[in-house]
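The structure under discussion appears below in the form of structure tokens.
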Amino acid sequence: MDVNAIGPVEPGEDTYDHESALPRRARSGTFRFRRTTLAATAAAIIGAAGIGFYLTRPEPPPPAPAPWPSQSVSVTYEGGMSQPRAGDRTFTFAVAFAQESGPPATVRRVGQPSAALSVSTSPLTPFEVKSGSPRKLIITMHIRECGEVPRNAGLPFLEVTLRNVRAIENQSYILGPEYANDLSAALMAACPRTPAS
């Protein structure tokens, strides 16, 4: 037998198989330890990734602010203006308040600009207006002084104070030509011109 070969000595069988040298019980314990360690490591990585995702998630945009009350409430003339006789100092008519969108609004006051007239309402103010539930309001106009009432109410308006979760606003509502004509007729009937005037 010639033993003159040059080169590294090759390892023998089972040189690297350390587990085979262990009893079967020890080998299964080592496997369980590795499996448990891998599971714990995977859980830690997944948990860290979840926390990272939660902390870096995009913030939802803030909700849009509620509209201004004057942008969401409409006032319309419903007609029915009573025609007073000469000397009568009151007459009535109807308006409707409607909430077009947004949170409910409170009608805190209804008035008009002339010092010769005053206003009372039924229902009394304040009252609430909600989307989809218009409110009818009967307005009684009281004449304080006939000599001071406007004879030709060109663009008469109602002054309304509104409040919602965003703001309190004083708003002037022009109710249109029909209201202007009816108001002028009622004022002329209640306070007719005399030769002295």
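Could you run through segment 167-193 and say how many residues are open to solvent by 60 Å² or more (accessible area, probe 1.4 Å) and either under 19 Å from residue 82 (Cβ atoms) or assigned to a helix (DSSP H, G or I) (or both)?
5
Looking at the structure I just gave you, is residue 87 out of contact with any Phe, Trp or Tyr (no Cβ under 8 Å at 6 or more places or on another chain) and surrounded by fewer than 13 Cβ atoms within 10 Å (Cβ to Cβ)?
Against the criterion (out of contact with any Phe, Trp or Tyr (no Cβ under 8 Å at 6 or more places or on another chain) and surrounded by fewer than 13 Cβ atoms within 10 Å (Cβ to Cβ)), residue 87 qualifies.
The rows are residues; the columns are (1) in contact with a helix residue (DSSP H, G or I) (Cβ under 8 Å, 6 or more places away or on another chain); (2) assigned to a strand (DSSP E or B); (3) of a type outside the set (Ser, Thr, Tyr).
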| position | (1), (2), (3) |
| --- | --- |
| 96 | no, yes, yes |
| 102 | yes, no, yes |
| 107 | no, yes, yes |
| 110 | no, yes, yes |
| 118 | no, yes, no |
| 125 | no, no, no |
| 129 | no, yes, yes |
| 136 | no, yes, yes |
| 141 | yes, yes, yes |
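Can you tell me which residue is farthest from the chain's Cα centre (by Cα) among those in segment 100-117 that are over 15 Å from residue 183 (Cα atoms) and open to solvent by less than 10 Å² (accessible area, probe 1.4 Å)?
Only one residue tops the list, namely 107.
Within the bounds of segment 55-69, is there any residue that is in a loop (DSSP other than H, G, I, E, B) and under 30 Å from residue 186 (Cβ atoms)?
There is no residue in segment 55-69 that is in a loop (DSSP other than H, G, I, E, B) and under 30 Å from residue 186 (Cβ atoms).
The values are calculated or read from the model by the stated rules, or taken from the named source; none is laboratory data. As the structure is a prediction and not an experimental result, all values here were calculated from the model. A quick note on method: Cβ atoms are made from the backbone with ideal geometry, for glycine too, and the neighbour counts reach across all protein chains shown. To get the accessible areas, we keep the full protein, side chains included, count just its heavy atoms, and leave off ligands, DNA and RNA. Shrake-Rupley method; radii C 1.70, N 1.55, O 1.52, S 1.80 Å.
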